[in-house]
Amino acid sequence: MNTSILICTHKEFNYIPDNSFLPIHVGKENSTTILPYQTDNKGINISSKNKNYCELTALYWAWKNLNDVTTIGLCHYRRFFDFSGTKNSIETIEINEPYFLNYFENYCFHDNYLEGFDIILPKKIVKTRSLFSHYSLSHLPKDFHILEKTLIRLYPEYEASFKKTMFETNSFSPFNMFVASKELADNYSNWLFTILENVEQQLTISTNPYQERVLGFMSERLLNVYVNHHKLKVKYFPVHLITNKVKSNSLAIKKIIESYNNIIFWFRKMVVRKIATNSIYFVIAIISR
């Protein structure tokens, strides 16, 4: 099995070369920096749109140009899947470069990791709000509504999955990271970029450096919609963030926080339903007079 896990980067970083990894310089079309890596502006590409599509310019390049692999993945130069499968009471969430290099084998993909599964995703993060509410707090709600209308118009068969994932769910796998067969990744990419390119034509993209990454933020949620719609068998792995320190959390405390977030989410749903029901009764009463 020939595997390429794309490592999206815009700067040189330290790692041990491994056949499963393919570092790729994203946004190269607009960059004068020269890195010793594959670039995303070769062949058919959207490299010039990296500030809006983020790491997706690497995925697009692989979709259109990387044809000699059977398995493909996406990670970041500071975020890697931890494939070690270590089970204890402590979960590492941040690492430094010496830790990364000393335990590099933990971050290298092996074929058997996908056996019995369709896709590998980051462990889900649990919020106190629906994915729609969470998106609206951090980004522009009007952009989300354009996304919703566009998806329903282009792929009406996904409407139920979209609404369930976005409005009735409070957890998702973030970062646009995954590992899957090239065939599945190509099918997903065709679906994803059809939607995003259509959305892009309708958006007035913000000039704010954070909000202009809008299409990358949307795709984080859309990956979860696609996985849920197709009922893919998912294997979840933790993601380690490379910083200047090693940081761990207690799994017991993490579970308590996740349970608390789920309770808050459930409570909010009940309140909304109660308000909606009372509003309906009020309208009926007014009409009946």
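In segment 226-245, the residues that are in contact (Cβ under 8 Å) with a residue 12 or more places away in the chain and within 15 Å of Asn187 (Cβ to Cβ) reach residues that are assigned to a loop (DSSP other than H, G, I, E, B) and open to solvent by 50 Å² or more (accessible area, probe 1.4 Å) with C-beta atoms within less than 6 angstrom, at least six apart or across chains, in these pairs: Leu232/Asp118. If only residues of segment 40-83 that are open to solvent by 10 Å² or more (accessible area, probe 1.4 Å) and of a type in the set (Asp, Glu) are counted, the one that is nearest to His139 (Cα to Cα) is Glu55. Evaluation of Thr71 against the conditions (1) under 26 Å from Thr243 (Cβ atoms); (2) in contact (Cβ under 8 Å) with a residue 60 or more places away in the chain shows that the sole unmet condition is (1). Residue count for segment 84-102 satisfying the condition of being open to solvent by 60 Å² or more (accessible area, probe 1.4 Å) and part of a loop (DSSP other than H, G, I, E, B): 4.
Sub-7 Å Cβ pairs linking a first residue in segment 203-217 that is open to solvent by 40 Å² or more (accessible area, probe 1.4 Å) to a second residue that is at pLDDT below 95, at least 6 apart or interchain, number zero.
One residue alone among Asn278, Asn228, Asn262 is modelled with pLDDT under 70 and either among the polar types (S, T, N, Q) or surrounded by 11 or more Cβ atoms within 10 Å (Cβ to Cβ) (or both), and that residue is Asn278.
Given the residues Ser84, Ser47, which is the only one that is touching a strand residue (DSSP E or B) at 6+ places or on another chain (Cβ under 8 Å) and among the small types (Gly, Ala, Ser)?
Ser47
Counting residues in segment 144-157 that are closer than 21 Å to Ile46 by Cα, of a type in the set (Val, Ile, Thr) and open to solvent by 70 Å² or more (accessible area, probe 1.4 Å) gives zero. When restricted to residues that are touching a strand residue (DSSP E or B) at 6+ places or on another chain (Cβ under 8 Å) and either part of a helix (DSSP H, G or I) or within 13 Å of Ile125 (Cα to Cα) (or both), segment 247-256 contains 2.
Annotation: of all residues in segment 50-81 being touching a strand residue (DSSP E or B) at 6+ places or on another chain (Cβ under 6 Å) and basic (Lys, Arg), the one that is farthest from Leu184 (Cα to Cα) is Arg78. Among the helices (runs of 4 or more DSSP H) confined to segment 119-215, the ones with at least 1 residues that are out of contact with any Asp or Glu (no Cβ under 6 Å at 6 or more places or on another chain) and within 24 Å of Pro238 (Cα to Cα) are located at 131-138, 159-167, 182-202.
The values are calculated or read from the model by the stated rules, or taken from the named source; none is laboratory data. All of these numbers come straight from a predicted model, not from anything done at the bench. Quick reminder, even Gly has a Cβ in these numbers, built from the backbone with ideal geometry, and neighbours come from all protein chains shown. We work out accessible area using only protein heavy atoms, side chains counted, and drop any ligands, DNA or RNA first. Shrake-Rupley method; radii C 1.70, N 1.55, O 1.52, S 1.80 Å.
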